[in-house]
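Student: Pasting a structure here, questions to come.
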Amino acid sequence: AQAMPRLERALDRAVRLATDVLDYGKTEEPTPNKVPVVLKTALAAAAEDAGIAKSGVKLSSNVRPTDRVLADPDQLHRILLNLLKNARQAVTAPGHAAPGKLRVELSAEPGINRLRIIDNGPGVPDRAQERMFQPFSGSVRPGGTGLGLAIARELALAHGGDLALVQTGPDGSVFEVVLPGVVEAAGRRK
């Protein structure tokens, strides 16, 4: 009974995601319905759906229970889920010896939130960096569609923000999502 609401949410998201993927070539993503979203709650839901805890990966963050971003809740979930799932796959890849660690860091400036997802994986290969935000061509994983980062970036752009790979190398990668800030949260972090 306790798992039922979570299962229903997951099924609803899966149906929306499948519909969006099928419609990807036909239409643009829907305009985001931006509302203040508690980031800690959104991050926890995305981490659960990305299988972070089940995989033994350690996730830490500086996100406080009062931190909010201005975003469409479903679209924010898709952005975070994609980034966390990719990071989990990087730090649990065969041959990666270090224990998997992910860190989420939030910094706020007037009107802008910068959310960084930091992993200790092997880094993004050079050949993938060139195409990582291009649909159907950015995946380096067998069975990957190459849609995840392309859609996540498109969603971030629709919010008036962006998604970028800001650092990568043999010690890990850093992806940054920029989203509009909520006035109450602006300027509270450095």
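Student: Would you pick out the residues in the stretch 45-59 that are under 14 Å from the mean Cα position of the chain (by Cα) and farther than 16 Å from Ile118 by Cα?
Tutor: Ala45, Glu48, Asp49, Gly51 - these are the residues of the stretch 45-59 that are under 14 Å from the mean Cα position of the chain (by Cα) and farther than 16 Å from Ile118 by Cα.
Student: While we're here: Any idea how many residues of the stretch 5-38 are assigned to a loop (DSSP other than H, G, I, E, B) and either at pLDDT below 75 or of a type in the set (Lys, Arg) (or both)?
Tutor: Residues flagged as assigned to a loop (DSSP other than H, G, I, E, B) and either at pLDDT below 75 or of a type in the set (Lys, Arg) (or both) within the stretch 5-38 amount to 7.
Student: With respect to Ala50, is the statement that it is surrounded by fewer than 20 Cβ atoms within 10 Å (Cβ to Cβ), modelled with pLDDT under 95, over 20 Å from Leu157 (Cα atoms) and aliphatic (A, V, I, L, M) true?
Tutor: Working: surrounded by fewer than 20 Cβ atoms within 10 Å (Cβ to Cβ): no; modelled with pLDDT under 95: yes; over 20 Å from Leu157 (Cα atoms): yes; aliphatic (A, V, I, L, M): yes.
The answer is no for Ala50.
Student: Identify, by number, the condition in (1) surrounded by 14 or more Cβ atoms within 10 Å (Cβ to Cβ); (2) closer than 24 Å to Leu147 by Cβ that Arg68 doesn't meet.
Tutor: Here Arg68 meets the rest and fails (2).
Student: Just to be sure before I move on: is Ala97 open to solvent by 60 Å² or more (accessible area, probe 1.4 Å) and of a type in the set (A, V, I, L, M, F, W, C) in the structure I sent?
Tutor: It is true that Ala97 is open to solvent by 60 Å² or more (accessible area, probe 1.4 Å) and of a type in the set (A, V, I, L, M, F, W, C).
Student: Got a number for residues in the stretch 60-105 being small (Gly, Ala, Ser), within 14 Å of the chain's Cα centre (by Cα) and assigned to a loop (DSSP other than H, G, I, E, B)?
Tutor: 0
Student: Scan the stretch 153-160 and tell me whether some residue there is at pLDDT below 95 and outside any helix (DSSP H, G or I).
Tutor: Yes: one or more hits.
The values are calculated or read from the model by the stated rules, or taken from the named source; none is laboratory data. Predicted model, so just to flag it, every value in this text is computed and none were measured. Cβ coordinates were reconstructed from backbone atoms using ideal geometry, including for glycine residues, and neighbour counts include every protein chain displayed. The protein model used for the area step is the full one, side chains on, heavy atoms only, and it has no ligands, DNA or RNA in it. Shrake-Rupley method; radii C 1.70, N 1.55, O 1.52, S 1.80 Å.
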